[in-house]
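K.L.:
First, the structure itself, so that you have it in front of you.
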Amino acid sequence: MRARFPLLARLLRSRPATVAATMLALLVGSALLAPWIAPTNPYDLAKLDLLDSHLPPAFTKGGDPRYWLGTDSQGADLLSLILYGLRVSLMVGVLAVSISVCLGTLAGLLSGYLGGVVDSVIMRVADIQFTFPAMLLALLIGGISQSLLSNENRIALAMPIVVIALGISHWPHFARLVRGAVLVEKQKDYVAAAQLVGHGKAAIMAMQILPNVLNPIFVLATLDIAFAIMSEATLSFLGFGVPPTQPSLGTLIKTGYGYLFSGEWWVVIFPGLTLVVLLVSVNLVGDWLRDWLDPKLQT
């Protein structure tokens with residue numbers, strides 16, 4: 001196994017990473033297969049029955065075996081809501097990080113390789129953005145966008161706005177990381193050789209330098225997915241996230257919080273536990289990936 005699958009062999013040597021990767025695979029697989037494995041479609045209002053609302057989990061007194069984790073105030077199956085909400089949270093996290101990676105990598109390459117005025121301008125913009133907490137900036141972008149849109153457009157564009165707000169709020173981290181790696185790589189012989197044979201700056205950055213700075217980008221992107229998911233949950237809890245018609249885990253937690261003190265604990269506890277397990281799994285996998293890609297930490 002070590003010879004044929006070195007990555008898997010190294011993963012199995014770390015029990016926390018193995019457990020985290022297994023949990024993450026189960027969560028991602030459940031989210032992707034939600035339309036097929038969810039007991040019901042929580043978005044189909046025709047199948048909701050108010051008589052089934054506020055039912056506790058099936059394993060507690062008064063529970064209905066049809067609803068393993070209980071139901072919400074509309075009679076929707078909570079397990080189905082969590083599976084579909086998990087899809088939304090993962091989608092927002094991955095798309096937001098993709099925007100951050102693209103913007104930050106491009107800015108870091110230009111800043112590190114070109115230097116001079118380009119470097120100064122990009123880094124000063126990054127410094128200015130660093131003075132604003134990422135969450136505050138995302139709230140600002142989301143609030144301004146919502147104030148400029150009608151109610152109909154606000155609901156339709158709620159998810160793209162959240163994705164763009166989170167993507168813009170975290171690109172400086174990638175720009176700083178890539179710039180530092182580029183400053184090291186551009187001093188090496190293979191870059192000088194590419195310059196001697198007449199390759200242009202764009203070709204050198206894209207074909208020569210970029211492949212050699214991907215490892216730290218992958219690590220930071222993995223860890224940043226957890227940040228984006230947590231930020232989206234926070235924005236949804238504050239009312240600036242995805243619409244209730246396409247609830248994420250954060251939206252479910254916000255909705256369930258109103259029923260927590262009335263004894264309907266399951267409406268908020270189960271989405272909250274799902275979010276915690278997801279974030280911990282992503283962070284542990286990201287930490288292991290960092291150790292695996294760092295040659296100094298390999299044994």
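K.L.:
Extension gain residue 33-residue 128, at 0.36 nm per residue separation less the Cα-Cα distance, in nm? Provide the component values of the computation, followed by the final result.
P.N.:
Numbers: separation 95, 0.36 × 95 = 34.20 nm, distance 4.19 nm.
Stretched out fully, the residue 33 to residue 128 stretch lengthens by 30.0 nm.
K.L.:
Tell me which lysines have Cα within less than 24 Å of residue 47's Cα, excluding those fewer than 8 residues away on the same chain?
P.N.:
Output for residue 47: 254.
K.L.:
For the stretch 144-299, what class follows from the C-alpha gyration tensor (a ≥ b ≥ c being the square roots of its eigenvalues): rounded when a/c is under 1.5, otherwise prolate if a/b is larger than b/c, else oblate?
P.N.:
Values: a/c = 4.72, a/b = 1.90, b/c = 2.48.
It comes out oblate by the Cα gyration axes.
K.L.:
Between residue 238 and residue 201, what is the FRET efficiency for a Förster distance of 35 Å, r being their Cβ-Cβ separation, to the nearest 0.05?
P.N.:
Numbers: r = 44 Å, r/R0 = 1.24.
For residue 238 and residue 201, the calculated efficiency is 0.20.
K.L.:
Further question: Among 170, 199, 54, whose mean-square fluctuation peaks in a Gaussian network model of the chain (Cα, cutoff 10 Å)?
P.N.:
Its mean-square fluctuation being the largest, the pick is 199.
K.L.:
Cross-link candidates for residue 201: which lysines have Cα within less than 20 Å, leaving aside residues fewer than 8 places away along the same chain?
P.N.:
By straight Cα distance, residue 201 reaches 186, 188.
K.L.:
Could you list which residues have their amide H under 5 Å from that of residue 63, counting only those 5 or more apart in sequence or on another chain, with H placed in the peptide plane?
P.N.:
For residue 63, no residues qualify.
K.L.:
For the chain, what is the calculated [θ] at 222 nm in deg cm²/dmol (nearest 500), taking -39500 (n - 2.57) for each run of four or more DSSP H residues and dividing by its residue count? The partial results should precede the final answer.
P.N.:
Values: 13 runs with 202 residues, N = 299.
Mean residue ellipticity, 222 nm, calculated: -22500 deg cm²/dmol.
K.L.:
Still on this structure, I have one more. Say R0 is 35 Å: what FRET efficiency, to the nearest 0.05, do residue 14 and residue 156 get from their beta-carbon distance? Could you put the intermediate results ahead of the total?
P.N.:
Values: r = 44 Å, r/R0 = 1.25.
Efficiency, from the Cβ-Cβ distance: 0.20.
K.L.:
If packing is taken as the mean number of other Cβ atoms within 10 Å per residue, what is the order of 177-190, 121-134, highest first?
P.N.:
Values: 177-190: 17.0, 121-134: 14.0.
Taking the mean over residues of other Cβ atoms within 10 Å, the ranking is 177-190, 121-134.
K.L.:
Residue 262 to residue 44: FRET efficiency via 1/(1 + (r/R0)^6), r the Cβ-Cβ distance, R0 30 Å, to the nearest 0.05? Intermediate values should be presented prior to the final figure.
P.N.:
Numbers: r = 27 Å, r/R0 = 0.89.
Computed FRET efficiency for residue 262 and residue 44: 0.65.
K.L.:
Continuing with the same structure: I'd like to compare 21-28, 135-142, 60-67, 250-257: which one has the highest average count of other Cβ atoms within 10 Å, and what's the full order after that?
P.N.:
Working: 21-28: 15.6, 135-142: 18.0, 60-67: 12.5, 250-257: 23.1.
Those peptides, ordered most packed to least, come out 250-257, 135-142, 21-28, 60-67.
K.L.:
Can you tell me the length gained on complete extension of the stretch residue 60 to residue 189, counting 0.36 nm per residue apart and subtracting the Cα distance? Walk me through the numbers on the way to the answer.
P.N.:
On the way: separation 129, 0.36 × 129 = 46.44 nm, distance 6.77 nm.
So the extension gain works out to 39.7 nm.
K.L.:
Additional query: Using 0.36 nm times the number of residues separating residue 212 and residue 117, minus their current alpha carbon distance, what extension gain do you get?
P.N.:
Contour length minus the Cα-Cα distance gives 31.7 nm.
All of the numbers you see were taken from the coordinates with simple rules; none came from a lab. This one's a predicted model, so the numbers in the text were calculated from it and none came from an experiment. For neighbour counting, all protein chains shown are included, and Cβ atoms are generated from backbone atoms with ideal geometry for every residue, glycine included.
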